[in-house]
Amino acid sequence: MNIQRSSPISIVRYGRSRHKSHHEYEELSCVRTSDCSQSFSPNLGSPSPPETPNSSHCISQIGQYLLLEPLEGDHVLGAVHLHSGEELVCKVFDVSRYQETLAAYFYLSAHESINQITEILLGEQRSYVFFEKSHGDMHSFVRTCKRLREDEAARLFHQITSAVAHCHDNGVVLRDLKLRKFVFKDEERTQVKLESLEDAYILNGEVDALSDKHGCPAYVSPEILNTNGSYSGKAADVWSLGVMLYTMLVGRYPFHDVEPSSLFSKIRRGQFNIPETLSPRAKCLIRSILRREPLERLTSREILDHPWFASDFAAPSSGYGANEKEAADQLVPDVNMDVDLDPFFN
């Protein structure tokens, strides 16, 4: 991992801006340390004649990278390498806190299904952390497909679980696991990776006990709702894996309700329905993960050894001849489950 100290340099680009608001420009301007000056990289080509001079047409250069438009909030930006033209994602953190925020990246060894830091540049006040560009997330993919074939789900879920098992084996708990956290490494959507380790928690030795209670309501485990003390972080991660698997195969969450109290009641009871259209091995794996008692669940490493992954998926399945009404009922709800629905998660 390459870490360098650098001073951001501003450059100007003329033409139509893709930024959406003056607020975003001002947020981006805090990344820069000098006034905008007319300068162009050879890779950008010749400038178009200026329209009306406006700071919104400024983008920033830091080291060998151009920082482009915001992608998510004010601290995640598109980026491109000046020489190779490679597109990346840049996350901007306060320089005094970036090591704490990224601790799990430094702690874990590299894994093919975990997003890796390619480079870190340190300014006076900000750190600029560069990651490989992704190609969409699993939540959006499942919504688009309505539900996945078992062979496709097995291939992707194995990669997802492999990333989680690597973290668990090395004493890292992921806590806020959900489909949105997994993104595609390639445009063909053959490989997925865990997008972020920023919410991960490094365990102290063998003690697997967490007390903080936050997360996405649809994925939260029963013991987090039921206990006032500590709970197993790894077992809670496994429950979230079960919610992901169910959603990938069925096309809806196993527990869902627009009212938080009703949603949490369903999760506490741990009762859900599995469509008969799924294969016996798929049903077995789901039931082996979504168990109310944490100690009864498979571990992330045991999930990888489940015979479902070795199934012969070549035979046609009766599970994908559902009528239109059933398919409509099983869509992943178009609601923002990332929003905290209850003060419990604040």
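The values are calculated or read from the model by the stated rules, or taken from the named source; none is laboratory data. Since we're looking at a predicted model, the values are computed, not measured. As a convention, Cβ positions derive from the backbone with ideal geometry for all residues, glycine included, and neighbour counts pool all protein chains shown.
Quick look at the numbers
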item: Unmet requirement for VAL243, which otherwise passes all of (1) touching a Ser or Thr at 6+ places or on another chain (Cβ under 7 Å); (2) crowded, with 17+ Cβ neighbours inside 10 Å; result: (1)
item: Selection within the stretch 259-277 - among the aliphatic types (A, V, I, L, M) and surrounded by fewer than 19 Cβ atoms within 10 Å (Cβ to Cβ); result: ILE274
item: Hits in the stretch 192-218 (condition: closer than 15 Å to VAL164 by Cα and under 20 Å from the mean Cα position of the chain (by Cα)); result: VAL192, LYS193, LEU194, GLU195, SER196, LEU197, GLU198, ASP199, ALA200, TYR201, ILE202
item: Residues of the stretch 101-123 that turn out to be touching a Pro at 6+ places or on another chain (Cβ under 9 Å) and either within 23 Å of ASP169 (Cβ to Cβ) or surrounded by fewer than 20 Cβ atoms within 10 Å (Cβ to Cβ) (or both), as a count; result: 1
item: Meets criteria (touching a strand residue (DSSP E or B) at 6+ places or on another chain (Cβ under 8 Å) and assigned by TED's automatic domain parsing to the domain that holds ALA282) for GLU206; result: no
item: Any hit, the stretch 156-165, residues being of a type in the set (S, T, N, Q), in contact (Cβ under 8 Å) with a residue 60 or more places away in the chain and assigned by TED's automatic domain parsing to the domain that holds THR247; result: yes
item: Residues within the stretch 201-220 that are touching a Ser or Thr at 6+ places or on another chain (Cβ under 7 Å) and surrounded by 16 or more Cβ atoms within 10 Å (Cβ to Cβ), tallied; result: 3
item: Qualifying positions in the stretch 301-310 - farther than 14 Å from VAL243 by Cβ and either surrounded by 17 or more Cβ atoms within 10 Å (Cβ to Cβ) or not assigned by TED's automatic domain parsing to the domain that holds LEU174 (or both); result: HIS306, TRP308
item: Residue that is modelled with the highest pLDDT [pool: residues in the stretch 130-180 that are of a type in the set (Gly, Ala, Ser) and part of a loop (DSSP other than H, G, I, E, B)]; result: GLY171
